[in-house]
1. Rounded if a/c is under 1.5, else prolate if a/b is larger than b/c, else oblate: which is region B:39-321, with a ≥ b ≥ c the root eigenvalues of its Cα gyration tensor?
2. How big is the protein assembly as shown by Rg and Dmax over its Cα atoms, in Å?
3. With Cβ to Cβ distances under 9 Å as the rule, what net charge do the other residues near residue B:177 carry (K, R +1; D, E -1)?
4. State the answer as a single residue: which of B:20, B:167, B:303 lies farthest towards the positive end of the charge dipole of the protein assembly as shown, with beta carbon charges of +1 for Lys and Arg and -1 for Asp and Glu, about the Cα centre.
5. For a 22 Å ceiling on Cα separation, which of these pairs sit above it: A:22/A:66; A:60/A:109; A:22/B:258; B:183/B:245; B:80/B:240; A:22/A:51?
6. How far, in degrees from 0 to 90, does helix B:88-116 lean away from the longest principal axis of the Cα atoms of chain B, to the nearest 10?
7. If packing is taken as the mean number of other Cβ atoms within 10 Å per residue, what is the order of B:269-280, B:304-315, highest first?
8. For the pair B and A, how large is the buried accessible area, both sides, in square angstrom to the nearest 100, if the probe is 1.4 Å?
Amino acid sequence: MLENEVEIKSSSELVKTVEGLKNDGYRYSTMICLKANDGHDLIYIFEKDNKLKNLRYFVKPGEKPKSMSGIYLCALLIENEYQDLFGLTFEGLAIDYKGHLYLTPNSPKSPLA
Amino acid sequence: MTTIIPFGPQHPVLPEPVSLKLELDNDVVVGVLPSLGYVHRGLEKFIDTKDYNQTTYICERICGICSALHGITYTKSVEKLFNAEVPERAEYIRVIVGELNRVHSHLLWLGLFADGFGFESLFYECWKYRESVLDVLERITGNRVIHSISKVGGVSRDLTKEHIDMILKMLDTLEPQIKDIEKVFVNNYTVKKRTVGLATMSKQLAYEAGTAGPTLRGSGNAIDVRETEDWDIYRDLGFKTVVEKDGDCYSRTKVRVKELYESIKLIRNAISKLPNGEITTPIKGFPTGEAIMRTEQPRGEVVYYVKGNGTKNLERLKIRTPTFANIPSLLLTLPGVKLADVPIVVLTIDPCISCTER
(Lines give C-alpha, C1' and ligand atoms only; values in the text may rest on other atoms or scores of the structure.)
Protein backbone atom coordinates (compact mmCIF):
# COMPACT_ATOMS: atom_id res chain seq x y z
CA MET A 1 0.00 0.00 0.00
CA LEU A 2 1.38 3.36 -1.04
CA GLU A 3 0.92 6.68 0.72
CA ASN A 4 -2.22 8.54 -0.28
CA GLU A 5 -3.64 5.57 -2.18
CA VAL A 6 -7.26 4.98 -3.10
CA GLU A 7 -8.53 1.58 -4.18
CA ILE A 8 -10.89 1.65 -7.15
CA LYS A 9 -13.40 -1.16 -7.49
CA SER A 10 -14.81 -0.84 -10.99
CA SER A 11 -13.89 0.40 -14.44
CA SER A 12 -16.64 3.02 -14.45
CA GLU A 13 -15.55 4.28 -11.01
CA LEU A 14 -11.98 4.56 -12.34
CA VAL A 15 -13.02 6.71 -15.32
CA LYS A 16 -15.20 8.89 -13.11
CA THR A 17 -12.43 9.33 -10.53
CA VAL A 18 -9.80 10.21 -13.15
CA GLU A 19 -12.17 12.74 -14.76
CA GLY A 20 -12.74 14.22 -11.32
CA LEU A 21 -9.00 14.48 -10.67
CA LYS A 22 -8.50 16.27 -13.97
CA ASN A 23 -11.25 18.73 -13.09
CA ASP A 24 -9.59 19.24 -9.70
CA GLY A 25 -6.34 20.21 -11.43
CA TYR A 26 -4.28 17.05 -11.03
CA ARG A 27 -1.40 16.37 -13.44
CA TYR A 28 -1.04 12.84 -14.85
CA SER A 29 2.35 11.56 -13.80
CA THR A 30 2.43 7.91 -14.83
CA MET A 31 0.92 4.48 -14.32
CA ILE A 32 2.52 1.37 -12.81
CA CYS A 33 1.53 -2.13 -13.86
CA LEU A 34 2.36 -5.19 -11.83
CA LYS A 35 1.24 -8.79 -11.65
CA ALA A 36 -1.25 -9.54 -8.87
CA ASN A 37 -3.39 -12.65 -8.16
CA ASP A 38 -3.58 -13.94 -11.76
CA GLY A 39 -4.48 -10.43 -12.93
CA HIS A 40 -2.73 -7.09 -12.81
CA ASP A 41 -2.67 -4.10 -10.50
CA LEU A 42 -2.66 -0.74 -12.21
CA ILE A 43 -1.48 2.16 -10.05
CA TYR A 44 -2.30 5.55 -11.55
CA ILE A 45 -0.11 8.35 -10.18
CA PHE A 46 -1.28 11.96 -10.21
CA GLU A 47 0.34 15.09 -8.85
CA LYS A 48 -0.97 18.39 -7.55
CA ASP A 49 0.81 21.02 -5.43
CA ASN A 50 3.84 18.71 -5.22
CA LYS A 51 1.78 15.92 -3.59
CA LEU A 52 1.06 12.55 -5.19
CA LYS A 53 -2.30 10.82 -5.30
CA ASN A 54 -2.40 7.14 -6.28
CA LEU A 55 -5.32 5.10 -7.58
CA ARG A 56 -5.03 1.31 -7.52
CA TYR A 57 -7.25 -0.71 -9.79
CA PHE A 58 -7.20 -4.52 -10.09
CA VAL A 59 -7.56 -5.79 -13.66
CA LYS A 60 -9.13 -9.22 -13.66
CA PRO A 61 -7.72 -11.90 -16.01
CA GLY A 62 -9.08 -11.28 -19.52
CA GLU A 63 -10.48 -7.85 -18.62
CA LYS A 64 -9.79 -4.98 -21.01
CA PRO A 65 -9.16 -1.85 -18.93
CA LYS A 66 -10.38 1.50 -20.24
CA SER A 67 -7.78 3.84 -21.67
CA MET A 68 -7.30 7.17 -19.90
CA SER A 69 -5.87 8.76 -23.08
CA GLY A 70 -9.28 10.31 -23.79
CA ILE A 71 -8.98 12.24 -20.52
CA TYR A 72 -5.21 12.73 -20.43
CA LEU A 73 -3.68 12.34 -23.91
CA CYS A 74 -0.27 11.72 -22.36
CA ALA A 75 -1.53 8.37 -20.98
CA LEU A 76 -1.27 6.86 -24.45
CA LEU A 77 2.44 5.98 -24.33
CA ILE A 78 2.42 4.19 -20.99
CA GLU A 79 -0.76 2.29 -21.91
CA ASN A 80 0.83 1.18 -25.16
CA GLU A 81 3.93 0.13 -23.19
CA TYR A 82 1.82 -2.18 -21.03
CA GLN A 83 0.08 -3.62 -24.08
CA ASP A 84 3.57 -4.64 -25.26
CA LEU A 85 5.10 -5.76 -21.99
CA PHE A 86 2.14 -7.25 -20.08
CA GLY A 87 -0.18 -8.21 -22.93
CA LEU A 88 -3.00 -5.98 -21.68
CA THR A 89 -5.52 -4.45 -24.09
CA PHE A 90 -6.69 -0.92 -23.32
CA GLU A 91 -10.05 0.05 -24.77
CA GLY A 92 -10.28 3.42 -26.50
CA LEU A 93 -6.58 4.23 -26.84
CA ALA A 94 -6.02 7.55 -28.66
CA ILE A 95 -3.21 5.97 -30.70
CA ASP A 96 -3.03 2.18 -30.61
CA TYR A 97 0.32 0.62 -31.59
CA LYS A 98 -1.35 -2.79 -31.14
CA GLY A 99 1.47 -4.31 -29.11
CA HIS A 100 4.24 -2.93 -31.30
CA LEU A 101 5.39 0.24 -29.52
CA TYR A 102 8.64 -1.53 -28.62
CA LEU A 103 8.22 -5.08 -29.82
CA THR A 104 8.70 -6.29 -33.38
CA PRO A 105 6.66 -9.19 -34.79
CA ASN A 106 9.54 -11.56 -33.91
CA SER A 107 9.99 -10.34 -30.31
CA PRO A 108 8.96 -12.48 -27.32
CA LYS A 109 5.30 -11.80 -26.47
CA SER A 110 4.42 -9.94 -23.25
CA PRO A 111 7.90 -10.32 -21.66
CA LEU A 112 6.85 -8.94 -18.24
CA ALA A 113 3.58 -10.88 -17.99
CA MET B 1 -3.44 16.51 -50.16
CA THR B 2 -0.92 15.62 -47.44
CA THR B 3 2.45 13.88 -47.58
CA ILE B 4 3.96 11.61 -44.93
CA ILE B 5 7.69 11.91 -44.39
CA PRO B 6 9.88 10.23 -41.76
CA PHE B 7 11.85 12.34 -39.28
CA GLY B 8 14.44 9.92 -37.90
CA PRO B 9 15.18 7.38 -36.57
CA GLN B 10 18.56 8.56 -37.92
CA HIS B 11 18.72 12.34 -38.16
CA PRO B 12 21.57 14.88 -37.79
CA VAL B 13 19.98 16.53 -34.72
CA LEU B 14 19.18 13.24 -32.98
CA PRO B 15 22.13 11.59 -31.25
CA GLU B 16 19.88 8.61 -30.53
CA PRO B 17 17.20 6.90 -32.59
CA VAL B 18 13.57 7.98 -32.38
CA SER B 19 11.22 8.38 -35.29
CA LEU B 20 8.40 10.82 -35.99
CA LYS B 21 6.11 10.22 -38.93
CA LEU B 22 5.22 13.74 -40.01
CA GLU B 23 2.10 14.43 -42.00
CA LEU B 24 2.70 17.57 -44.06
CA ASP B 25 0.48 19.97 -45.96
CA ASN B 26 3.05 21.67 -48.22
CA ASP B 27 5.79 22.37 -45.66
CA VAL B 28 3.53 22.67 -42.62
CA VAL B 29 3.11 19.79 -40.15
CA VAL B 30 -0.52 18.75 -39.71
CA GLY B 31 -0.03 15.43 -37.92
CA VAL B 32 2.61 13.51 -35.94
CA LEU B 33 3.06 9.87 -34.98
CA PRO B 34 6.03 9.11 -32.70
CA SER B 35 7.66 5.72 -33.02
CA LEU B 36 9.87 4.24 -30.28
CA GLY B 37 11.57 0.96 -29.56
CA TYR B 38 14.65 1.06 -31.77
CA VAL B 39 16.99 0.50 -28.81
CA HIS B 40 14.67 -0.69 -26.04
CA ARG B 41 16.79 -2.65 -23.55
CA GLY B 42 14.24 -4.18 -21.20
CA LEU B 43 16.14 -3.13 -18.07
CA GLU B 44 13.01 -3.37 -15.90
CA LYS B 45 12.97 -7.09 -16.77
CA PHE B 46 16.76 -7.48 -16.53
CA ILE B 47 16.77 -6.61 -12.81
CA ASP B 48 14.98 -9.94 -12.15
CA THR B 49 18.46 -11.46 -12.25
CA LYS B 50 20.12 -8.84 -10.02
CA ASP B 51 19.91 -8.19 -6.30
CA TYR B 52 18.78 -4.81 -5.05
CA ASN B 53 22.37 -3.55 -4.62
CA GLN B 54 23.43 -4.67 -8.10
CA THR B 55 20.33 -2.95 -9.52
CA THR B 56 21.98 0.38 -8.59
CA TYR B 57 24.57 -0.26 -11.31
CA ILE B 58 21.83 -1.07 -13.84
CA CYS B 59 19.94 2.14 -13.05
CA GLU B 60 23.10 4.23 -13.40
CA ARG B 61 23.51 2.81 -16.88
CA ILE B 62 20.04 3.80 -18.07
CA CYS B 63 21.53 7.04 -19.32
CA GLY B 64 25.04 8.40 -19.76
CA ILE B 65 23.96 12.02 -19.24
CA CYS B 66 21.91 11.86 -16.04
CA SER B 67 23.53 8.69 -14.71
CA ALA B 68 24.19 10.06 -11.21
CA LEU B 69 20.57 11.14 -10.73
CA HIS B 70 19.25 7.75 -11.85
CA GLY B 71 21.49 6.10 -9.25
CA ILE B 72 20.48 8.59 -6.58
CA THR B 73 16.75 8.20 -7.26
CA TYR B 74 16.93 4.42 -7.23
CA THR B 75 18.93 4.23 -4.01
CA LYS B 76 16.64 6.75 -2.31
CA SER B 77 13.60 4.68 -3.33
CA VAL B 78 15.11 1.51 -1.82
CA GLU B 79 16.07 3.44 1.32
CA LYS B 80 12.38 4.32 1.64
CA LEU B 81 11.58 0.58 1.73
CA PHE B 82 14.07 0.14 4.57
CA ASN B 83 13.02 3.37 6.32
CA ALA B 84 16.74 4.03 6.37
CA GLU B 85 18.16 7.24 7.75
CA VAL B 86 21.02 8.27 5.48
CA PRO B 87 23.89 10.36 6.94
CA GLU B 88 23.45 14.05 6.23
CA ARG B 89 26.90 14.32 4.68
CA ALA B 90 25.92 11.67 2.13
CA GLU B 91 22.77 13.63 1.20
CA TYR B 92 24.83 16.77 0.61
CA ILE B 93 27.34 14.88 -1.54
CA ARG B 94 24.42 13.49 -3.58
CA VAL B 95 23.19 17.05 -4.15
CA ILE B 96 26.64 18.27 -5.21
CA VAL B 97 27.17 15.44 -7.71
CA GLY B 98 23.54 15.59 -8.89
CA GLU B 99 23.78 19.32 -9.60
CA LEU B 100 27.14 18.93 -11.37
CA ASN B 101 25.33 16.32 -13.44
CA ARG B 102 22.63 18.88 -14.29
CA VAL B 103 25.20 21.54 -15.23
CA HIS B 104 27.01 19.26 -17.69
CA SER B 105 23.69 17.99 -19.08
CA HIS B 106 22.35 21.51 -19.71
CA LEU B 107 25.64 22.59 -21.32
CA LEU B 108 25.50 19.49 -23.51
CA TRP B 109 21.94 20.34 -24.52
CA LEU B 110 22.73 24.01 -25.20
CA GLY B 111 25.55 22.86 -27.49
CA LEU B 112 23.32 20.39 -29.32
CA PHE B 113 20.65 23.05 -29.65
CA ALA B 114 23.12 25.55 -31.14
CA ASP B 115 24.28 22.83 -33.52
CA GLY B 116 20.63 22.20 -34.42
CA PHE B 117 20.25 25.63 -35.96
CA GLY B 118 23.76 25.68 -37.41
CA PHE B 119 25.53 27.89 -34.84
CA GLU B 120 28.69 25.78 -34.76
CA SER B 121 30.96 28.15 -32.80
CA LEU B 122 28.37 28.37 -30.01
CA PHE B 123 28.13 24.58 -29.98
CA TYR B 124 31.94 24.35 -29.55
CA GLU B 125 31.90 26.89 -26.71
CA CYS B 126 29.18 25.05 -24.76
CA TRP B 127 30.91 21.72 -25.06
CA LYS B 128 34.31 23.21 -24.23
CA TYR B 129 32.92 24.60 -20.96
CA ARG B 130 31.19 21.31 -20.23
CA GLU B 131 34.56 19.53 -20.29
CA SER B 132 35.65 21.30 -17.09
CA VAL B 133 32.57 19.89 -15.29
CA LEU B 134 33.30 16.39 -16.56
CA ASP B 135 36.93 16.72 -15.45
CA VAL B 136 35.80 17.57 -11.91
CA LEU B 137 33.26 14.73 -11.87
CA GLU B 138 36.00 12.35 -12.98
CA ARG B 139 38.31 13.51 -10.19
CA ILE B 140 35.72 13.31 -7.41
CA THR B 141 33.90 10.13 -8.43
CA GLY B 142 36.59 8.32 -10.40
CA ASN B 143 34.32 8.09 -13.42
CA ARG B 144 33.68 10.48 -16.27
CA VAL B 145 30.29 9.23 -17.47
CA ILE B 146 28.84 6.69 -15.03
CA HIS B 147 29.67 8.46 -11.78
CA SER B 148 28.48 5.68 -9.46
CA ILE B 149 28.34 7.97 -6.43
CA SER B 150 25.18 6.73 -4.71
CA LYS B 151 24.65 3.39 -3.04
CA VAL B 152 21.87 2.08 -0.84
CA GLY B 153 22.56 3.66 2.55
CA GLY B 154 24.72 6.58 1.43
CA VAL B 155 27.46 7.38 -1.05
CA SER B 156 30.42 5.39 -2.24
CA ARG B 157 33.04 8.17 -2.03
CA ASP B 158 33.70 11.05 0.30
CA LEU B 159 34.71 14.55 -0.77
CA THR B 160 38.15 15.66 0.34
CA LYS B 161 39.29 19.27 0.82
CA GLU B 162 41.17 18.96 -2.47
CA HIS B 163 37.92 17.95 -4.22
CA ILE B 164 36.00 20.84 -2.72
CA ASP B 165 38.67 23.37 -3.70
CA MET B 166 38.65 21.95 -7.20
CA ILE B 167 34.85 22.23 -7.52
CA LEU B 168 34.79 25.82 -6.23
CA LYS B 169 37.64 26.86 -8.53
CA MET B 170 35.88 25.28 -11.51
CA LEU B 171 32.60 27.05 -10.66
CA ASP B 172 34.41 30.41 -10.37
CA THR B 173 35.74 29.93 -13.90
CA LEU B 174 32.54 28.46 -15.31
CA GLU B 175 30.10 31.14 -14.12
CA PRO B 176 31.49 33.99 -16.29
CA GLN B 177 31.73 31.57 -19.21
CA ILE B 178 28.03 30.79 -18.84
CA LYS B 179 27.32 34.54 -18.79
CA ASP B 180 29.10 34.80 -22.14
CA ILE B 181 27.03 32.08 -23.79
CA GLU B 182 23.86 33.33 -22.09
CA LYS B 183 24.23 36.64 -23.95
CA VAL B 184 24.13 34.74 -27.23
CA PHE B 185 21.26 32.40 -26.37
CA VAL B 186 19.13 35.22 -24.97
CA ASN B 187 20.01 38.21 -27.18
CA ASN B 188 21.31 36.92 -30.51
CA TYR B 189 19.10 37.90 -33.45
CA THR B 190 19.38 34.52 -35.20
CA VAL B 191 18.64 32.51 -32.07
CA LYS B 192 15.58 34.63 -31.30
CA LYS B 193 14.40 34.48 -34.91
CA ARG B 194 14.47 30.67 -34.77
CA THR B 195 12.92 30.22 -31.32
CA VAL B 196 10.62 33.08 -30.24
CA GLY B 197 6.96 32.19 -30.68
CA LEU B 198 7.80 28.73 -32.00
CA ALA B 199 5.78 25.70 -30.82
CA THR B 200 4.08 27.58 -28.00
CA MET B 201 2.42 25.60 -25.24
CA SER B 202 0.14 27.43 -22.84
CA LYS B 203 0.50 26.93 -19.10
CA GLN B 204 -2.67 24.83 -19.02
CA LEU B 205 -1.73 22.72 -22.06
CA ALA B 206 1.77 21.91 -20.74
CA TYR B 207 0.25 20.95 -17.38
CA GLU B 208 -2.50 18.76 -18.81
CA ALA B 209 -0.09 17.14 -21.27
CA GLY B 210 1.85 15.77 -18.29
CA THR B 211 5.11 17.40 -19.37
CA ALA B 212 8.08 17.62 -17.04
CA GLY B 213 11.12 19.73 -16.31
CA PRO B 214 12.10 22.76 -18.42
CA THR B 215 9.34 21.85 -20.90
CA LEU B 216 6.77 22.31 -18.11
CA ARG B 217 8.47 25.27 -16.44
CA GLY B 218 9.02 27.04 -19.76
CA SER B 219 5.22 27.35 -19.93
CA GLY B 220 4.88 29.12 -16.59
CA ASN B 221 4.35 26.11 -14.31
CA ALA B 222 6.48 26.43 -11.18
CA ILE B 223 6.79 22.68 -10.61
CA ASP B 224 10.11 21.18 -9.58
CA VAL B 225 10.63 18.08 -7.44
CA ARG B 226 13.43 19.88 -5.61
CA GLU B 227 10.69 21.86 -3.88
CA THR B 228 8.91 18.77 -2.58
CA GLU B 229 9.36 16.79 0.60
CA ASP B 230 10.72 13.88 -1.47
CA TRP B 231 14.10 15.64 -1.47
CA ASP B 232 13.70 18.16 1.30
CA ILE B 233 17.41 18.93 1.67
CA TYR B 234 16.99 21.44 -1.16
CA ARG B 235 14.86 23.62 1.09
CA ASP B 236 17.92 24.25 3.28
CA LEU B 237 20.00 25.20 0.27
CA GLY B 238 17.87 28.13 -0.87
CA PHE B 239 16.52 26.48 -4.02
CA LYS B 240 14.23 28.59 -6.22
CA THR B 241 12.29 27.14 -9.15
CA VAL B 242 13.16 28.73 -12.49
CA VAL B 243 10.08 29.60 -14.55
CA GLU B 244 9.50 31.31 -17.90
CA LYS B 245 6.04 32.30 -19.05
CA ASP B 246 5.90 32.35 -22.83
CA GLY B 247 5.83 28.57 -23.44
CA ASP B 248 7.84 28.70 -26.69
CA CYS B 249 11.21 27.25 -27.69
CA TYR B 250 12.91 30.46 -26.51
CA SER B 251 11.37 30.12 -23.01
CA ARG B 252 12.42 26.50 -22.69
CA THR B 253 15.97 27.52 -23.64
CA LYS B 254 16.02 30.37 -21.10
CA VAL B 255 14.87 28.01 -18.33
CA ARG B 256 17.87 25.78 -18.95
CA VAL B 257 20.32 28.70 -19.06
CA LYS B 258 18.98 30.11 -15.78
CA GLU B 259 19.01 26.68 -14.16
CA LEU B 260 22.77 26.59 -14.68
CA TYR B 261 23.13 29.53 -12.27
CA GLU B 262 20.69 27.92 -9.84
CA SER B 263 22.73 24.70 -9.85
CA ILE B 264 25.97 26.61 -9.29
CA LYS B 265 24.34 28.39 -6.34
CA LEU B 266 23.10 25.07 -4.91
CA ILE B 267 26.53 23.46 -5.21
CA ARG B 268 28.20 26.40 -3.45
CA ASN B 269 25.57 26.37 -0.69
CA ALA B 270 25.86 22.60 -0.26
CA ILE B 271 29.64 22.88 0.04
CA SER B 272 29.40 25.71 2.56
CA LYS B 273 26.98 23.66 4.69
CA LEU B 274 28.61 20.26 4.14
CA PRO B 275 28.50 18.58 7.57
CA ASN B 276 31.21 16.30 8.91
CA GLY B 277 30.45 12.67 9.66
CA GLU B 278 29.80 9.31 8.10
CA ILE B 279 28.92 8.88 4.44
CA THR B 280 27.06 5.62 4.70
CA THR B 281 24.81 3.74 7.07
CA PRO B 282 24.67 -0.07 7.17
CA ILE B 283 21.56 -1.61 5.62
CA LYS B 284 20.64 -5.13 6.72
CA GLY B 285 18.01 -7.55 5.44
CA PHE B 286 15.97 -7.52 2.28
CA PRO B 287 13.48 -4.89 1.13
CA THR B 288 9.72 -5.32 1.55
CA GLY B 289 6.76 -3.16 0.62
CA GLU B 290 6.26 -0.51 -2.05
CA ALA B 291 7.67 2.97 -2.50
CA ILE B 292 7.66 5.79 -5.02
CA MET B 293 10.58 8.19 -5.25
CA ARG B 294 10.85 11.25 -7.45
CA THR B 295 13.79 13.51 -8.17
CA GLU B 296 14.35 16.32 -10.64
CA GLN B 297 16.66 15.24 -13.43
CA PRO B 298 17.99 17.73 -16.01
CA ARG B 299 15.05 16.87 -18.28
CA GLY B 300 12.49 16.87 -15.49
CA GLU B 301 10.78 14.70 -12.92
CA VAL B 302 11.82 11.04 -12.88
CA VAL B 303 9.55 8.60 -11.05
CA TYR B 304 10.87 5.35 -9.58
CA TYR B 305 8.49 2.72 -8.22
CA VAL B 306 10.02 -0.21 -6.31
CA LYS B 307 8.37 -3.24 -4.78
CA GLY B 308 10.25 -5.63 -2.54
CA ASN B 309 9.05 -9.06 -1.38
CA GLY B 310 11.55 -9.87 1.35
CA THR B 311 14.07 -11.49 -0.99
CA LYS B 312 17.32 -10.03 -2.34
CA ASN B 313 15.63 -9.27 -5.69
CA LEU B 314 13.04 -6.59 -6.19
CA GLU B 315 9.67 -7.87 -7.36
CA ARG B 316 9.10 -4.84 -9.57
CA LEU B 317 11.02 -1.76 -10.65
CA LYS B 318 9.26 0.81 -12.81
CA ILE B 319 10.93 3.96 -14.09
CA ARG B 320 9.04 6.86 -15.71
CA THR B 321 11.68 9.08 -17.27
CA PRO B 322 11.11 12.76 -18.13
CA THR B 323 11.50 12.33 -21.89
CA PHE B 324 8.79 9.64 -21.79
CA ALA B 325 6.52 12.30 -20.25
CA ASN B 326 7.54 14.96 -22.75
CA ILE B 327 7.20 13.02 -26.02
CA PRO B 328 3.35 13.22 -26.10
CA SER B 329 3.64 17.04 -26.01
CA LEU B 330 5.08 16.87 -29.54
CA LEU B 331 1.63 15.72 -30.71
CA LEU B 332 0.34 19.09 -29.52
CA THR B 333 3.19 21.44 -30.43
CA LEU B 334 4.34 20.20 -33.84
CA PRO B 335 1.07 20.68 -35.82
CA GLY B 336 1.27 24.11 -37.45
CA VAL B 337 5.08 24.16 -37.38
CA LYS B 338 7.09 24.34 -40.62
CA LEU B 339 9.18 21.30 -41.52
CA ALA B 340 12.41 23.33 -41.20
CA ASP B 341 11.57 24.11 -37.57
CA VAL B 342 10.78 20.53 -36.54
CA PRO B 343 14.38 19.80 -35.38
CA ILE B 344 14.34 22.91 -33.16
CA VAL B 345 11.02 21.96 -31.56
CA VAL B 346 12.07 18.35 -31.00
CA LEU B 347 15.34 19.50 -29.42
CA THR B 348 13.61 21.83 -26.96
CA ILE B 349 12.13 18.87 -25.07
CA ASP B 350 15.77 17.71 -24.72
CA PRO B 351 14.92 14.18 -25.84
CA CYS B 352 16.94 11.49 -24.08
CA ILE B 353 16.18 8.24 -25.84
CA SER B 354 18.50 6.18 -23.60
CA CYS B 355 16.23 7.11 -20.68
CA THR B 356 13.07 6.48 -22.66
CA GLU B 357 14.26 3.12 -23.96
CA ARG B 358 15.08 1.70 -20.53
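1. On the way: a/c = 1.90, a/b = 1.43, b/c = 1.33.
Prolate.
2. Here Rg and the maximum Cα pair distance are 21.6, 69 Å.
3. On the way: positive: B:128, B:179; negative: B:125, B:175, B:180.
So the environment of residue B:177 carries a net charge of -1.
4. Going by the Cα projections, it comes out as B:167.
5. Details: A:22/A:66 16 Å; A:60/A:109 19 Å; A:22/B:258 31 Å; B:183/B:245 19 Å; B:80/B:240 26 Å; A:22/A:51 15 Å.
Listed pairs above 22 Å: A:22/B:258; B:80/B:240.
6. With rounding to tens, the tilt is 20 degrees.
7. Ranked from most to least packed, the peptides come out as B:304-315, B:269-280.
8. Details: alone 14690 and 6600 Å², together 18210 Å².
Chains B and A together bury roughly 3100 Å² of accessible area.
The values are calculated or read from the model by the stated rules, or taken from the named source; none is laboratory data. Since the structure is predicted, the reported quantities are computational estimates derived from the model, not experimental observations. Methodologically, a virtual Cβ is constructed for each residue, glycine included, from the backbone with ideal geometry; neighbour enumeration extends over all protein chains shown. Ligands, DNA and RNA are excluded from the accessible area calculation, which covers all protein heavy atoms including side chains. Shrake-Rupley method; radii C 1.70, N 1.55, O 1.52, S 1.80 Å.
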